[in-house]
Structures are given as C-alpha cells and as structure tokens.
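Report on one structure; see the data block that follows.
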Amino acid sequence: MSNSIDAGGSSIRLGLNYAATHEWVDLSSSPPKVGISDFAQKTLHDIVFVELPKVGQALKKGDAMCTLESIKAVVEAYSPVDGVVVEVNTALESNPELVNKDPYGEGWLIKVEVKGGAASLLSPEAYAELVKKQL
C-alpha cells in the first residue's frame, strides 16, 4: 500500500492535512509539523533561501508564516492552522534545498502548537483533486 497519492506527477502524502494554499500539517505528530507540499516545491523550483518565523510567534490560519526564495520567485508560505510556533527547522538555514528534496520529511518548516483552524483543512484526497484542477 502506497503512503501517497499521485496528482499529475506531484506526490501527496497520506496521513497529512492540507491547506488550499499548498501547505501541509501533520496533526499526528507532537508538536505538529508544517511544511509545503510536493506540488508547491515543484512550482517554486530550486529553493535557495528560507526565512523562518521566530519561536513563540502567534499565527492565524492564512497568515504568512515564512518566506521561500527560489531561483524563480519569492513567495510566502501560509499557516494552515491557528497556533504558536514552538520550533523552526534550523537545518534549512544552511540547506534550504531540503524543502525540494524532501518536502514531507527533512524539509519541514515549523512545528506549531495548534490552537484552532484544523477543521477546515483538506484531506489528501481532496487536496489531490485541487492540485489536478491547477495543472
């Protein structure tokens, strides 16, 4: 049994919840990890810099949580939930390409203490349908 769904060449990991803005949150981990989807990192191409939030920063669902700079663009990643940043992935400071190489693993962005907003997240299957419409 595969642990992901293919959506037009992008891998969508099962067991995660997704925002329509292409971020994921792993509500089964404690504290929950947040990152960007495989579709998002492929759209950005080679990520060369990640500006992470400060630990302790409060986030509302939809707030910009960090900035990703690639060879093509500078974009914001948005918080998929309400919460407080409890940890950031400091490995990305010297290895921002981890977001491209392993967006669901070593390329996670932050860990967050979730305060709300998770109810409106998309299942992997619903997110796969969204991605297919954007191809």
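Could you give every pair whose Cβ atoms fall below 6 Å, whose first residue belongs to segment 106-135 and is free of Cβ contacts under 8 Å to residues at least 60 places away in the same chain and within 22 Å of SER29 (Cα to Cα), and whose second residue is among the acidic types (Asp, Glu) and not in a loop (DSSP other than H, G, I, E, B), counting only separations of at least 6 or pairs across chains?
Listed by first residue and then by second, the contacts come to LYS115/ASP82; GLY116/ASP82; GLY117/ASP82.
Please go through segment 36-76 and give me each residue that is at pLDDT 95 or above and basic (Lys, Arg), ordered by number.
LYS42, LYS54, LYS60, LYS61
Every residue in segment 81-95 that is farther than 11 Å from LEU52 by Cα and either assigned to a strand (DSSP E or B) or in contact with a Phe, Trp or Tyr (Cβ under 7 Å, 6 or more places away or on another chain) (or both), please.
ASP82, GLY83, VAL84, VAL86
Please verify whether PRO31 is outside any strand (DSSP E or B), touching a residue at least 40 places away in the same chain (Cβ under 8 Å) and either of a type in the set (Gly, Ala, Ser) or surrounded by 19 or more Cβ atoms within 10 Å (Cβ to Cβ) (or both), treating the condition exactly as stated. Write out each step before concluding.
Values: outside any strand (DSSP E or B): yes; touching a residue at least 40 places away in the same chain (Cβ under 8 Å): yes; either of a type in the set (Gly, Ala, Ser) or surrounded by 19 or more Cβ atoms within 10 Å (Cβ to Cβ) (or both): no.
Criteria not met by PRO31.
Within segment 1-27, count every residue that is small (Gly, Ala, Ser) and part of a loop (DSSP other than H, G, I, E, B). If you could, list the steps in order and put the result at the bottom.
The first filter runs over segment 1-27 and keeps only residues small (Gly, Ala, Ser), leaving 2, 4, 7-11, 15, 19-20.
Among the residues that remain, those that are also part of a loop (DSSP other than H, G, I, E, B) are: 2, 8-9, 15, 19-20.
Number of matching residues: 6.
From LYS54, LYS42, LYS72, which residue is of a type in the set (Lys, Arg), in a loop (DSSP other than H, G, I, E, B) and closer than 25 Å to LYS133 by Cβ?
Residue meeting the stated conditions: LYS72.
Name the residue that is surrounded by the most Cβ atoms within 10 Å (Cβ to Cβ), counting only residues in segment 49-79 that are touching a strand residue (DSSP E or B) at 6+ places or on another chain (Cβ under 6 Å) and farther than 24 Å from LYS101 by Cβ.
Result: LEU59.
The values are calculated or read from the model by the stated rules, or taken from the named source; none is laboratory data. The structure presented is a predicted model; accordingly, all values stated were derived computationally and were not measured. All Cβ positions, glycine included, derive from the backbone under ideal geometry; neighbour counts span all protein chains shown.
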